[in-house]
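*Asks:* A single structure is presented below for examination.
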Amino acid sequence: MGEKIRIGLIGAGNICQNAHIPAYLKQEDVELVAVCDINEKRANEVKEKYGMRYAFTDFHDLVNLPDVDAVSVCTWNNSHAAATIAALKAGKHVLCEKPMAMNPEEAEAMIKAAEDSKRILQIGFVNRFKAESKLLKEFAEKGRFGDIYFAKATYERRRGTPTGWFTNRSKSGGGPVIDIGVHIIDLTWYLMGRPRPVSVTAAVYDRIGDYSTKGVSRWHAFDPDDAFDTEDSACAFIRFENGACMQVSVSWALNNKESMNSEIFGSKAGASLSPFVIYDEQENYLVNSTPVVDKEDPFYNEIKEFITCIREGKAPTATGQDGFQIQRILNGIYQSAKLGREVVL
């Protein structure tokens with residue numbers, strides 16, 4: 001590997017152009033070499049804008065380049081597994097956006113490819129890299145909260161359904177559960193100490209659907225799509241092997257106030273990310289305290305760790321095994337909702 005780590009980008013949509021590329025450009029020891037997108041015009045535009053050497057429409061062409069060391073996979077969800085496995089088999093390190101895959105079987109195949117190739121597979125659980133998240137994780141590992149036995153994961157938008165491929169189940173795998181729910185479920189699970197999930201009870205709803213509410217803007221994907229066959233809200237209850245539980249509520253559209261929060265409750269103390277508060281006792285008094293931390297760019301932190309892991313051969317914070325366990329939970333939510341009962345994972 002040369003002085004700079006040479007990066008290829010698979011999928012040149014929103015998350016690639018607005019998050020991954022800016023974060024890579026802030027790293028001193030990185031060179032953006034190639035980009036791939038099924039939209040040839042977009043691939044060439046990104047190539048020219050950032051001075052890359054190559055633009056492709058087939059990710060196999062990109063991963064087989066000898067002058068690419070690692071890739072970011074930023075495609076539609078239904079291509080995560082195929083692109084990641086191809087890159088790993090070609091000897092490239094991979095940072096794959098969330099969700100890891102469309103199902104646990106794909107996730108397992110990705111893990112095997114990483115193990116066989118002895119390359120790094122990092123999953124894009126970017127909320128782990130927020131300053132507040134890192135602080136709470138440090139406190140949890142040092143025993144500040146005691147035994148964390150209950151948690152709440154909430155990510156509710158009132159009217160925040162994206163347009164485009166996100167609402168096409170064949171491309172996305174689902175709605176808010178797999179789009180934004182994955183973020184808050186993973187972060188909360190991570191703060192809990194990553195206990196093994198054993199069962200899920202859930203319900204999903206599509207009561208509001210493709211709304212046309214006045215005065216409300218919508219987030220537009222680069223790729224338009226006429227399909228709308230996903231849920232717009234969901235709730236779930238997850239049980240873990242150690243006896244702990246997590247309550248989940250997610251929505252793109254729900255008649256409620258907007259909220260994104262991860263809450264953990266332990267035998268010594270509890271914590272909330274929004275508002276950022278630790279709830280504990282001091283001198284037999286109940287005390288609410290707010291640690292002081294500077295804001296950080298989580299995508300910068302995530303990309304920086306990816307590069308560090310490649311250089312030093314370290315395991316990433318968000319491993320393929322983590323992605324697999326979260327995938328089991330996501331698919332368990334959909335399965336439970338479909339069957340109308342609790343499912344054992």
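Throughout, read-outs are computed from the coordinates displayed, never taken from laboratory work. These numbers come from a predicted model, not from an experiment. Cβ sites come from the backbone with ideal geometry, for glycine too, and all protein chains shown count toward neighbours.
*Asks:* Output wanted: per-residue J couplings in Hz (rounded whole) for region 76-81, from phi through Karplus 6.51 cos²θ - 1.76 cosθ + 1.60, θ = phi - 60°, x for Gly and Pro.
*Replies:* Values, residue by residue: 4, 4, 6, 10, 4, 5 Hz.
*Asks:* When the helices in the chain are scored as -39500 (n - 2.57) per DSSP H run of 4 or longer and the sum is shared across all residues, what 222 nm value do you end up with, to the nearest 500 deg cm²/dmol?
*Replies:* Values: 10 runs with 104 residues, N = 345.
Value at 222 nm, helices only, nearest 500: -9000 deg cm²/dmol.
*Asks:* Shifting gears a bit: Mind telling me which of 165, 219, 252 comes out most flexible in a GNM of the chain, alpha-carbon contacts under 10 Å?
*Replies:* Residue with maximal mean-square fluctuation among 165, 219, 252: 219.
*Asks:* Which order do the peptides 191-199, 336-344 take when ranked by the mean count of other beta-carbon atoms within 10 Å per residue, highest first?
*Replies:* Working: 191-199: 17.7, 336-344: 13.7.
Peptide ranking by packing, descending: 191-199, 336-344.
*Asks:* Also, quick follow-up: In the chain, which cysteines lack any other cysteine Cβ under 4.7 Å from their own?
*Replies:* 36, 96, 235, 245, 309
*Asks:* Do any of 26/171; 4/47; 171/314; 112/152; 89/304 go past 25 Å between their Cα atoms, and which?
*Replies:* On the way: 26/171 31 Å; 4/47 18 Å; 171/314 32 Å; 112/152 32 Å; 89/304 23 Å.
Check vs 25 Å cut-off fails for 26/171; 171/314; 112/152.
*Asks:* Next question, about the same structure. Take the Cα pairs of region 101-186, get the Kirkwood Rh, then feed it into Stokes-Einstein at 25 °C and 0.890 mPa s and tell me D in µm²/s. Walk me through the numbers on the way to the answer.
*Replies:* Values: Rh = 15.9 Å.
It diffuses with D of about 154 µm²/s by this estimate.
*Asks:* Could you please rank 205, 334, placing first whichever residue has the fewest other Cβ atoms within 10 Å of its Cβ? Spell out each step's value before the answer.
*Replies:* Values: 205 16, 334 23.
Going from least to most buried by this count: 205, 334.
*Asks:* Here's a follow-up. Using amide H atoms built 1.01 Å from N in the peptide plane, name the residues 5+ places from residue 32, or on other chains, whose amide H lies under 5 Å from its own.
*Replies:* Those qualifying (amide H under 5 Å, at least 5 residues apart or on another chain) are 7.
*Asks:* Related question: Mind jotting down the three principal axis lengths of region 180-328 based on Cα atoms? Whole angstrom, largest first.
*Replies:* Taking the Cα atoms of region 180-328, the three principal extents are 55, 46, 36 Å.
*Asks:* Could I get the Rg over Rh figure for region 232-320? Both from C-alpha atoms, Rh via Kirkwood, rounded to two places.
*Replies:* Working: Rg = 17.8 Å, Rh = 16.9 Å.
Reported Rg/Rh, Kirkwood definition of Rh: 1.05.
*Asks:* Still on this model: Step through the residues of region 154-165 one at a time and calculate ³J(HN,Hα) from phi using the Karplus curve (6.51 cos²θ - 1.76 cosθ + 1.60, θ = phi - 60°), rounding each to whole Hz and writing x for Gly and Pro.
*Replies:* Working through the residues one at a time gives 10, 9, 10, 9, 7, 9, x, 7, x, 9, x, 4 Hz.
*Asks:* Would you kindly calculate the translational diffusion coefficient of the chain, applying Stokes-Einstein with the Kirkwood radius from alpha carbon pairs, for 10 °C and a viscosity of 1.306 mPa s, and quote it in µm² s⁻¹ without decimals? The partial results should precede the final answer.
*Replies:* Working: Rh = 20.8 Å.
The calculation lands on 76 µm²/s.
*Asks:* Mean-square fluctuation check for the chain, GNM, Cα pairs under 10 Å: which of 166, 265, 139 is largest?
*Replies:* 139
*Asks:* So, one more: Got a sec to turn the phi values of region 8-19 into Karplus ³J(HN,Hα) couplings, 6.51 cos²θ - 1.76 cosθ + 1.60 with θ = phi - 60°, whole Hz, x for Gly and Pro?
*Replies:* Running phi through 6.51 cos²θ - 1.76 cosθ + 1.60 with θ = phi - 60° gives x, 10, 10, x, 10, x, 4, 5, 5, 6, 9, 10 Hz.
*Asks:* I would also like to ask the following. How large is the Kirkwood hydrodynamic radius of region 5-119, counting all unique pairs of alpha carbons, in Å? Walk me through the numbers before you get to the answer.
*Replies:* Values: mean 1/r = 0.0724 Å⁻¹.
Taking the inverse mean of 1/r over all distinct Cα pairs, region 5-119 comes out at 13.8 Å.
*Asks:* Top mean-square fluctuation among 38, 85, 178, Gaussian network model of the chain, C-alpha springs under 10 Å?
*Replies:* Judging by the Gaussian network model, the answer is 38.
*Asks:* Taking amide hydrogens as modeled 1.01 Å from N in the peptide plane, which residues meet the under 5 Å criterion relative to residue 198, leaving out close sequence neighbours?
*Replies:* Sorted by chain and number, the residues that satisfy this are 239, 240, 241.
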